[in-house]
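The structure appears below as structure tokens.
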Amino acid sequence: MGRVWIRGGRVLDPASGRDEVADVLLEDGRVAAVGGDVEAPDAEVLDATGCWVTPGLIDIHTHLREPGQEYKEDIASGGRAAAAGGFTAVACMANTHPVNDDPAITDYILDRAREDCPVHVYPVAAATKGLKGEVMTEMVALVEAGAVAFSDDGATIMNSDMQRRVFEYSRLVGKPVMVHAEDLSLVRDGVVNEGPVSTRLGLPGNPAVAETVHVARDIQLAALTGAHLHVGHVSTAGAVSLIREARERGLHVTAEVTPHHLALTDEATLGYDTNTKMAPPLRSRADVEACRLGLADGTLDAIATDHAPHAVHEKEVEFTEAPCGVLGFETAYPVVMDLVRSGEITPMGLIASLTLNPARVFQLPGGRLERGAPGDVSVLDPDRNWVYDPAKGYSKSRNSPWAGQEMVGRPVATFVNGALVYHVDRGVLVP
């Protein structure tokens, strides 16, 4: 395996607190040196002047669609899109066909990832068989196969006793339970945030209280069982407040927020663009501001894309009939850079939410940029201007609310296990 000398970039490593212009040397798949005195005349050189050099970005909430829906995405195409977004590791959700509720499916996902995916893939297994909320999965066997967490994702477990049992058994394997916090009896047929915008659109509303009620329930159950609760894609001020209080009480509660819930309000849906339809829906300005503050003050640990590809024909239908979800990998970094430019979060804080924190939440390798750490590195240009065209991206799907928009900030290079897997001017290089 070759040597790579990344020269002259601004090294941001939240684990050590390093924030300085320095060099990084990758050798034998790991970080061999970081600092101002690196010398490697025989190494391949990447000039990172003007760029941030960070631990590889980690996304703990994604949908790669394989097995079963490869027409939307597969592990190879999703991995390429992730690499182009600066991500070196992704955790993929269990709502595949068949559902990842059996060690054989977990094995299949990992085998496919090893075959032709340029980034690390970590499966999130189903908490209940078939995502039906009735019978728990064999957590021990799934963890032995490689599952890093458990979740029924959008098939919210509404039965509180079942959710309690899932929490109890998750403690036996020491893995987090990720919840899609929506009380389905309150959501009903809601497709956009309930409020003035839903009234203007004439579409059924999904109330913010549907999220806060469910977060409150699961915090209580996590307190009862001592389990690790991870709240997926937080979207409301009420949920942020409840999570903040739970953490102050010392409960093991972590949470994530998506780029779209940090950047877009429900007013983005006013044109009936189905690429603005997701679950939970885009919320009010007050909710967006609360999520941004929650990320800045550490209440929300991580930024996760909830990358959810859908085929064009599936989105080109009436708003009420379209599936929920948007692409996230290739636009995540420029979208969230707005928080740095506005002064709401420091560069180090932003990178922590994309690297060290998600690694800690799911107990994953990576998230550090120090001697001996995995050679997973992202080189990010915070000032690069470009126009995002999903048709020229690496995903099989096109469903993005940012299609055609000018972006500021772009990943320049992505290294996995010390190897260059993406370069902005050369594209995805392997496999």
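For the list (1) of a type in the set (D, E); (2) more than 28 Å from the chain's Cα centre (by Cα); (3) not assigned by TED's automatic domain parsing to the domain that holds V377, I need the number of the one condition that D37 fails.
(3)
Being of a type in the set (A, V, I, L, M, F, W, C) and outside any strand (DSSP E or B) is the filter here, so list the residues in the range 11-37 that pass it. Even if it seems obvious, please write down each step before you answer.
Filtering the range 11-37 for residues of a type in the set (A, V, I, L, M, F, W, C) gives 11-12, 15, 21-22, 24-26, 31-34.
Passing the criteria: only A15.
Criterion first (outside any helix (DSSP H, G or I) and either of a type in the set (A, V, I, L, M) or within 30 Å of H423 (Cα to Cα) (or both)) does V335 satisfy it?
Details: outside any helix (DSSP H, G or I): no; either of a type in the set (A, V, I, L, M) or within 30 Å of H423 (Cα to Cα) (or both): yes.
No, not satisfied.
What's the number of the condition S353 fails, among (1) under 27 Å from G190 (Cβ atoms); (2) in a helix (DSSP H, G or I); (3) of a type outside the set (D, E, K, R)?
(1)
Restricting attention to the range 250-261, does a residue exist that is part of a helix (DSSP H, G or I), over 21 Å from the mean Cα position of the chain (by Cα) and of a type outside the set (S, T, Y)?
Start the filter on the range 250-261 by keeping residues that are part of a helix (DSSP H, G or I), which leaves 259-261.
Filter once more, so that each one left must be over 21 Å from the mean Cα position of the chain (by Cα): none.
No: the range 250-261 contains no residue that is part of a helix (DSSP H, G or I), over 21 Å from the mean Cα position of the chain (by Cα) and of a type outside the set (S, T, Y).
With the requirement that a residue be closer than 29 Å to G367 by Cβ and touching a residue at least 24 places away in the same chain (Cβ under 8 Å), what does the range 298-319 give you?
Answer for the range 298-319, where residues must be closer than 29 Å to G367 by Cβ and touching a residue at least 24 places away in the same chain (Cβ under 8 Å): T299, L300, D301, A302, I303, A304, T305, D306, H307, A308, P309.
Going through the range 218-246 one residue at a time, which ones are over 24 Å from the mean Cα position of the chain (by Cα) and not in a loop (DSSP other than H, G, I, E, B)? First the steps, then the outcome.
Narrowing the range 218-246 to residues over 24 Å from the mean Cα position of the chain (by Cα): 220-221, 223-226.
Within the range 218-246, Q220, L221, A223, L224, T225 meet the criteria.
With the requirement that a residue be surrounded by fewer than 22 Cβ atoms within 10 Å (Cβ to Cβ) and touching a residue at least 12 places away in the same chain (Cβ under 8 Å), what does the range 263-274 give you?
Residues of the range 263-274 surrounded by fewer than 22 Cβ atoms within 10 Å (Cβ to Cβ): 263-265, 267-268, 270-273.
Within the range 263-274, A263, L264, T265, E267, A268, L270, Y272, D273 qualify.
Test A104 against the criterion of being in contact with a helix residue (DSSP H, G or I) (Cβ under 6 Å, 6 or more places away or on another chain), surrounded by fewer than 20 Cβ atoms within 10 Å (Cβ to Cβ), in the same structural domain as L354 (by TED's automatic domain parsing) and more than 18 Å from D183 (Cα to Cα), and give yes or no. Outline the logic, then answer.
Working: in contact with a helix residue (DSSP H, G or I) (Cβ under 6 Å, 6 or more places away or on another chain): no; surrounded by fewer than 20 Cβ atoms within 10 Å (Cβ to Cβ): yes; in the same structural domain as L354 (by TED's automatic domain parsing): yes; more than 18 Å from D183 (Cα to Cα): yes.
When the stated conditions are applied, A104 does not pass them.
Output the residues belonging to the range 171-214 that are in a loop (DSSP other than H, G, I, E, B) and not charged (D, E, K, R).
Step one: list which residues in the range 171-214 are in a loop (DSSP other than H, G, I, E, B), which gives 174-176, 180-183, 188-191, 194-195, 202-204, 207-208.
If the condition is that a residue be in a loop (DSSP other than H, G, I, E, B) and not charged (D, E, K, R), then G174, P176, H180, A181, G190, V191, G195, G202, L203, P204, P207, A208 are the ones that fit.
Run R360 past the list (1) in a helix (DSSP H, G or I); (2) in contact (Cβ under 8 Å) with a residue 60 or more places away in the chain and report the number of the one that doesn't hold.
All conditions pass for R360, except number (2).
Since G238 meets every condition but one in (1) under 20 Å from Q163 (Cα atoms); (2) surrounded by fewer than 19 Cβ atoms within 10 Å (Cβ to Cβ), which condition does it not meet?
(1)
Could you give every pair whose Cβ atoms fall below 8 Å, whose first residue belongs to the range 165-180 and is over 19 Å from C92 (Cα atoms) and in the same structural domain as A149 (by TED's automatic domain parsing), and whose second residue is among the aromatic types (F, W, Y) and crowded, with 23+ Cβ neighbours inside 10 Å, counting only separations of at least 6 or pairs across chains?
V166/F150
Give the number of residues within the range 45-83 that are at positive phi, touching a residue at least 40 places away in the same chain (Cβ under 8 Å) and surrounded by fewer than 23 Cβ atoms within 10 Å (Cβ to Cβ).
Final tally of qualifying residues: 1.
The values are calculated or read from the model by the stated rules, or taken from the named source; none is laboratory data. These numbers come from a predicted model, not from an experiment. Using ideal geometry, Cβ is built from the backbone for each residue, glycine included, and neighbour counts are taken over all protein chains shown.
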